[in-house]
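These notes are about the structure you will find just below.
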Amino acid sequence: CRWDTEFSVNCSFTGISTIPEDTSQTAITADFSYNNIKTFMCTDGRGEEWMLKHLNLSNNLISELSLTACRNLPVLETLNLDGNAIRTLALDVPTPARGSQTYGNVHRLLPALKVLSVERNNLNRVPRGLGLLQSLQTVRLSSNGIGQIDPSDFQNCSQLKDVHLQNNKITKIHPDAFRDLNKLQVVDLRENALATPLPQILISLNFFRLEVGLSSNAW
């Protein structure tokens, strides 16, 4: 790995299969792209908080990923997971047992995360629990195998502005899928398998300030 600047570490194209444990916790930007990393655990070898704002894990070999343990990335703003083989992305935070010391204390998952990019993977549905990412503004899920959009997929994503779902296999979108997303500006649904226009969805959104991409569908 090399340090491009005092706060930027670049480990791309180095052939590594795990995150180096000696990566400085003062790094703000870390690039681990184009390697052979198969798993990423936020807590691996790090009990202290990591000051990362931008983490690039694109073009690796990750097939499953859980973000539920990411308690040590409190200022992470962008997470790039493009070009992996991710089938499952877990975001759910386990509910503490009644009577435990943490019962009633809801852990905020990646509280600063604004951009989550999981393009060109093997997802067959929108990751569950996106609403737990309270700062999330942009979700990029293009070029996966997502087949439908359910009403709970983007529930509680109150800060969401951009949703990129182009080049999937979407045939069905629930009429309430984007309800109450008052800051939404872009919904890109190009190159899917939608067979009929969806006026009720567009009407339920603030259509006059929303950019919706629907080209290259089946209608």
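What follows is calculated from the coordinates using simple rules that are stated; it is not laboratory data. These figures come from a predicted structure and were not determined experimentally. So basically every Cβ, Gly included, is an ideal-geometry build from the backbone, and we count neighbours across all protein chains shown.
Mind checking which lysines have their Cα closer than 17 Å to the Cα of Lys169? Skip sequence neighbours fewer than 8 apart in that chain.
Partners found: none.
Hey, quick one: spin label on Arg108, modelled 7 Å out along Cα-Cβ, who in region 47-73 has an amide N within reach, i.e. under 14 Å?
Counting backbone N atoms under 14 Å from the label point, the list is 71-73.
Give Lys38/Lys183; Lys38/Lys114; Lys53/Lys172 a once-over and call out the pairs whose C-alpha atoms are over 30 Å from each other.
Numbers: Lys38/Lys183 35 Å; Lys38/Lys114 24 Å; Lys53/Lys172 35 Å.
Result: Lys38/Lys183; Lys53/Lys172 exceed 30 Å.
Take every Cα pair under 8 Å in region 120-162 that's 6+ residues apart, average their separations, divide by the length, and report that relative contact order as a whole percent. Can you show the working numbers first?
Values: 56 pairs, mean separation 23.1, N = 43.
About 54 percent, as a whole number.
Non-local amide H neighbours of Gln155 (under 5 Å, H modeled in plane, Pro and chain starts lacking H): which ones?
none
In sequence order, what are the phi-derived ³J(HN,Hα) couplings for region 77-92 according to the Karplus relation 6.51 cos²θ - 1.76 cosθ + 1.60 with θ = phi - 60°, rounded to whole Hz, with x for glycine and proline?
After applying 6.51 cos²θ - 1.76 cosθ + 1.60, I find 10, 10, 10, 9, 10, 4, x, 9, 10, 5, 9, 10, 10, 9, 10, 5 Hz.
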